[in-house]
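In what follows, a single structure is set out as structure tokens and then discussed.
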Amino acid sequence: MPTVLSSMAIQLGTIVNGIIVGNLISPHAMAAVSACLPINQITYALAVLISIGSSGLIAVAAGKRDNDGADYIFTTVVAVSIFGGMLWALLLVPNSYSAAVFLSSAEDLRGLVHEYLTVFVWRVPLDLMFFTWQTLIRTDGFAKVVSRGILLGQVTNVVLSLALVASGFGVAGAAVAVISGDVIAMSYVAKKYFSSNERSRKFCAVFNDFGKFISQAGKIIKSGIPVASGTALISVKIWAIYQILGETGGADAMTLYAICMACLSVVSMCIAGCNGAMMPIIGMLYGERDFSGVRIHGGKFLLATRRDDRGRDLATQIKEFLR
């Protein structure tokens, strides 16, 4: 449920942000914001590439009681997400206008797209890191922390967007609001998770053997390719539709499609949330397949509290059996 709620909050925040921009600036401004959706989708695909396979690999290592191996994979994923975010930002930041031209075939919309994108590109490294980390953190049993952080971030996004756009900052103000919400969400989740004594995963040295690090990163990326490629193709589809609409109907056609996309997002909110919740659950179950009834948490083995018809808990039954 926390994962479903957080997914719904992200989509609602995006929809409300578009409504604010469309009503306080212009409908074309809403289309300009929506035209940048493929960048969001590609960033999410990269995060899936890094995280979806690694969460299962970490869980399998933990299920085998190889905590050092699980920590190594965890640290590798965090490092790869940081490097990936920096490279993605270095590609986009100097080429924001070229990206605006690429995203919008309607010439009368490119100015608004570029204005939004100039600020929005700085969100890319944050999103790549946060999308990656939240999957790992959920798998470690901190789904509620992630949910609360995302809810807090989306509330910040909507409030700031309304304030900045109404104050005359235009679509750039909406981009600042989105980034601010992400910073708040990421800071909250990171503080709560990394300061907790209950988390299972710890950082370890991964750059002492650079060859091993590259090999591990390759395994992680390889395991995520099937799902990430499908996610990336969605961004290609959205971009292609916007190109066709921009060429044939101009900014007005792109605006109408942006409104339809917002309606579709409302319909798919619960489905997307359930999909997001499945990944860490499957990872945990797969990792514990050989250790049914035993959960590894913080280096301790916790026995189930199931009792028999004589009221004995599982620990007592095992002790008596061993005697």
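The values are calculated or read from the model by the stated rules, or taken from the named source; none is laboratory data. Bear in mind the structure is a predicted one, so any value in this text is a computation, not a measurement. Glycine also receives a Cβ, built like all others from the backbone with ideal geometry; neighbour counts cover every protein chain displayed.
Taken over the stretch 194-222, residues that are over 22 Å from residue 146 (Cβ atoms) and either among the β-branched types (Val, Ile, Thr) or in contact with a Leu (Cβ under 8 Å, 6 or more places away or on another chain) (or both) amount to 4.
One residue stands out among those in the stretch 188-209 that are free of Cβ contacts under 8 Å to residues at least 12 places away in the same chain and outside any loop (DSSP other than H, G, I, E, B): the one that is nearest to residue 165 (Cα to Cα), which is 191.
Residue-wise test of (1) of a type in the set (Asp, Glu); (2) out of contact with any helix residue (DSSP H, G or I) (no Cβ under 7 Å at 6 or more places or on another chain); (3) outside the structural domain of residue 210 (by TED's automatic domain parsing); (4) over 18 Å from residue 218 (Cα atoms).
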{"position": "50", "(1), (2), (3), (4)": "no, no, no, no"}
{"position": "70", "(1), (2), (3), (4)": "no, no, no, no"}
{"position": "80", "(1), (2), (3), (4)": "no, no, no, no"}
{"position": "86", "(1), (2), (3), (4)": "no, no, no, yes"}
{"position": "95", "(1), (2), (3), (4)": "no, yes, no, yes"}
{"position": "124", "(1), (2), (3), (4)": "no, no, no, yes"}
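Total residues in the stretch 235-265 satisfying the condition of being at pLDDT below 85 and within 30 Å of residue 56 (Cα to Cα): the figure is 1. For the stretch 111-120, filtering for residues that are buried (at least 21 other Cβ atoms within 10 Å of the Cβ) and either among the small types (Gly, Ala, Ser) or touching a Phe, Trp or Tyr at 6+ places or on another chain (Cβ under 9 Å) (or both) leaves 1.
Quick check on the stretch 128-147. Is at least one of its residues farther than 27 Å from residue 195 by Cβ, in contact (Cβ under 8 Å) with a residue 40 or more places away in the chain and assigned by TED's automatic domain parsing to the domain that holds residue 244?
No, the stretch 128-147 contains no residue that is farther than 27 Å from residue 195 by Cβ, in contact (Cβ under 8 Å) with a residue 40 or more places away in the chain and assigned by TED's automatic domain parsing to the domain that holds residue 244.
What about residue 147, is it among the polar types (S, T, N, Q) and part of a helix (DSSP H, G or I)? Yes: the conditions hold for residue 147. Can you spot a residue in the stretch 94-117 that is within 23 Å of residue 190 (Cβ to Cβ) and in a helix (DSSP H, G or I)? No, the stretch 94-117 has no match at all. Going by what's in this entry, would residue 35 be described as small (Gly, Ala, Ser) and over 19 Å from residue 236 (Cα atoms)? When the stated conditions are applied, residue 35 does not pass them.
Restricting 140, 127 to residues that are in contact with a His (Cβ under 9 Å, 6 or more places away or on another chain), within 24 Å of residue 55 (Cα to Cα) and buried (at least 18 other Cβ atoms within 10 Å of the Cβ) narrows the list to 140.
Of all the listed residues (132, 156), the sole one being part of a helix (DSSP H, G or I), touching a helix residue (DSSP H, G or I) at 6+ places or on another chain (Cβ under 8 Å), surrounded by fewer than 24 Cβ atoms within 10 Å (Cβ to Cβ) and not aliphatic (A, V, I, L, M) is 156. Looking only at the stretch 81-91, decide whether some residue is farther than 15 Å from residue 130 by Cβ, in a helix (DSSP H, G or I), in contact with a Lys or Arg (Cβ under 7 Å, 6 or more places away or on another chain) and among the hydrophobic types (A, V, I, L, M, F, W, C). No: the stretch 81-91 contains no residue that is farther than 15 Å from residue 130 by Cβ, in a helix (DSSP H, G or I), in contact with a Lys or Arg (Cβ under 7 Å, 6 or more places away or on another chain) and among the hydrophobic types (A, V, I, L, M, F, W, C).
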